[in-house]
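Below is one structure; the comments refer to it alone.
Each value in this text was obtained by applying a stated rule to the coordinates, not by laboratory testing. If you're wondering where the values come from, they're calculated on a predicted model, not measured in any experiment. With ideal geometry, Cβ positions are generated from the backbone for all residues, glycine too; neighbour counts draw on all protein chains shown.
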Amino acid sequence: MEFYKQHPRFLVAVDCVVFGYEEGELKLLLYPRAFEPEKGNWSLMGGFVQENESSEQAACRVLKQTTGLNDIFLEQVNAFSEPAREPSERVISITYYALIKIGRYKKSKADEFGAKWWPVNELPPLIFDHSEMIQQSLKKLQQKAGSSLVGSELLASKFTLLQLRKLYEAIYQRSFDPGNFRKKILSLDVLDKLDHKNSTESKKGAYYYKVKPNKLEKELERIVKY
C-alpha cells in the first residue's frame, strides 16, 4: 500500500455523446452544466465514476438518469487526459457514444437537467474539450456505419431503404447515390424485405425492411447491459 501512496490520485469521469435521429437530422443531447466552472454552459451528459462501479457502469448510470432508458447501444471512444483539460481539478474523462431513438427516451428525465437536442451541424459553444469528444465520437459512429447496420438503433423497427439512406446521409453529412446505396446495403445480407409498402414515398410505394433477427441479436451483443 505504501507504494500506491507515492503516486497522485485523479478524478475519473465519463462523458456520453448521445446521438439521436429525427426528421432527417442526426442530433445530440446536451445540457447546461449545473456547477462551476463553466456553470450554465452547454455540456455533454456526464458524471464521475464511483468507487463501486466500472466506467461502463457509470456511463449506463448517467444515461439511465438522463434518458430513463436501459439497454442503450454504448461504445467507448477514447480517454481524454490532458492535465489542463479542466481548470479546477485533474480529471481524466472516458468518453462513450450512445445511440437512442428520440421517440423512446423519457422527455421528463431530460427536462430535469434542462437538456436539449441539437442538430450535430448546429451545435452551440461547448465546455472544455467536449467538441473534440463529439468529433471523435462521430468518426467512430461513421466507422461503425461503414461496416455494419445502425438503423436498428436509430430507426423504427421497420423502415424503407430511403429512410435508411437518409439516416446514413445524416451520419456522414453528405449525399449518397440511391442506386449504389441500395446495392451496397442489400449486399450485407442483414435485411428482410417485408410484404407491405410505405405508400407515401412514390406512386408504386416502397417496401419496408427489417433487420434479420439473427443479425439483430449479434448486434445487440454489443449493447452494454447492467
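Beyond 23 Å in Cα-Cα separation lie the following of the pairs LYS27/LYS140; LYS166/LYS210; LYS107/LYS144; LYS27/LYS193; LYS39/LYS109; LYS144/LYS166: LYS107/LYS144; LYS27/LYS193.
Scoring 109-116, 146-153, 53-60 by mean Cβ neighbours within 10 Å over their residues and listing the highest first yields 53-60, 146-153, 109-116. Length gained on full extension, LYS109 to GLU36, computed as 0.36 nm times the residue gap minus the Cα-Cα distance: 24.1 nm.
Hey, what number do you get for the chain at 222 nm if only DSSP H runs of n ≥ 4 count, each worth -39500 (n - 2.57), divided across all residues, to the nearest 500?
Details: 8 runs with 75 residues, N = 226.
For the chain, the value works out to -9500 deg cm²/dmol.
Would you work out if the stretch 151-220 is rounded, prolate or oblate? Take a ≥ b ≥ c from the square roots of the eigenvalues of the alpha-carbon gyration tensor; rounded if a/c is under 1.5, else prolate when a/b is larger than b/c, oblate otherwise. Judged from the Cα gyration tensor, the stretch 151-220 comes out oblate (a/c at least 1.5, b/c at or above a/b). Descending by average beta-carbon neighbour count within 10 Å, the peptides 98-104, 174-180 line up as 98-104, 174-180, the highest first.
Neighbours of PRO178 by Cβ distance under 15 Å: Lys/Arg scored +1, Asp/Glu scored -1, total +4.
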